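Participant: Got a structure for you, written out below as structure tokens; questions coming shortly.
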Amino acid sequence: MAWVAYLAFGVTALASVLYLWPRTRSLAWDRLAGASAEVGVVFTALTLVTGSIWGRPTWGVWWTWDARLTTTALLLVLYLGYLALRRVPGQPDTRAKRSAIAALVAVVDVPIVHLSVVWWRTLHQSATVLAPSLQPTVHGSMAWTMLLGFVAFTLVYTWLLVHRYRLETLQERLETEGLSVALAERRAEAAEGTGAAPDQVERSADEPVASR
């Protein structure tokens, strides 16, 4: 599950960079970044919960301020803040830009989480698969089991990401259509008050005011 969190936040960072790059700027990248971050937050929370369940019989405590645990908890808080920032009202472009910057700041913690067992003495064992030496130290049967888990959780992440992105697209479309309906109702109300046809009210609203 930690691997999926790394992957999800990496996709969020990449999509944020593509949004900030003028040649590839599109709100589609912003939607992808938000959707991937939400899935990543879910898997990060599951990592902490299942890690605590495993740590109780192994270490004798539910939680300890271990470097890996602390940096992972910080990662969860950072991306919860990122998701909260996305909810702040504002123009879509403005919101997307500030969210992209926040995502790039938060992703700095991902390599810190991974390398925490190398930089500090922790209760966790050192890296066995994604080790800095690039020499995995996992037994063959265990390696195949881990590979199966990686593939399975990656497929789950992909499925969740596709559906969350689709929901985000439908939500934005609904908001846009809702705004159009509201404007049409206002024009109809104005037409009833003035006795003019709604299309005349629309044309008059679009015409520039003549200077005196």
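Participant: Could you put Thr154, Thr71 in order, starting from the residue whose Cβ has the fewest other Cβ atoms within 10 Å?
Facilitator: Values: Thr154 13, Thr71 20.
Result, fewest neighbours first: Thr154, Thr71.
Participant: Follow-up. What is the sum of charges around Arg98, taking Lys and Arg as +1, Asp and Glu as -1, for the other residues whose C-beta is under 13 Å from the C-beta of Arg98? Intermediate results must be reported in sequence, preceding the final value.
Facilitator: Working: positive: Arg86, Arg87, Arg95, Lys97; negative: Asp30, Asp93.
Result for the local shell: +2.
Participant: Here is a further query. Within 10 Å of each residue's Cβ, count the other Cβ atoms and sort Ser116, Ser36 from fewest upward. Could you put the intermediate results ahead of the total?
Facilitator: On the way: Ser116 19, Ser36 26.
Ascending number of Cβ neighbours within 10 Å: Ser116, Ser36.
Participant: Step through the residues of the range 88-104 one at a time and calculate ³J(HN,Hα) from phi using the Karplus curve (6.51 cos²θ - 1.76 cosθ + 1.60, θ = phi - 60°), rounding each to whole Hz and writing x for Gly and Pro.
Facilitator: 5, x, x, 5, x, 5, 5, 4, 5, 5, 5, 5, 5, 5, 5, 5, 5
Participant: Same structure, new question: Using the Cβ atoms and a cut-off under 10 Å, what net charge is assigned to the surroundings of Leu85, where Lys and Arg are +1 and Asp and Glu are -1? Intermediate results must be reported in sequence, preceding the final value.
Facilitator: Numbers: positive: Arg86, Arg87, Arg95, Arg98; negative: none.
Computed value for this residue: +4.
Participant: Considering only DSSP states other than H, G, I, E and B, which trypsin sites (Lys or Arg not before Pro) in the range 38-105 qualify as loop sites with at most 13 other Cβ atoms within 10 Å?
Facilitator: Values: sites: Arg68, Arg86, Arg87, Arg95, Lys97, Arg98; in loops: Arg87.
Listed in order of number, the matching sites are Arg87.
Participant: Mind sorting Val107, Val162 by how few other Cβ atoms lie within 10 Å of their own Cβ, fewest first? Please list the in-between numbers first.
Facilitator: Details: Val107 22, Val162 11.
Ascending Cβ contact count within 10 Å gives the list Val162, Val107.
Read-outs throughout are calculated quantities, based only on the coordinates presented, and are distinct from any laboratory measurement. All figures in this text were calculated on a predicted structure; none of them were measured in a lab. No Cβ is skipped: glycine too gets one built from the backbone with ideal geometry, and neighbour counts run over all protein chains shown.
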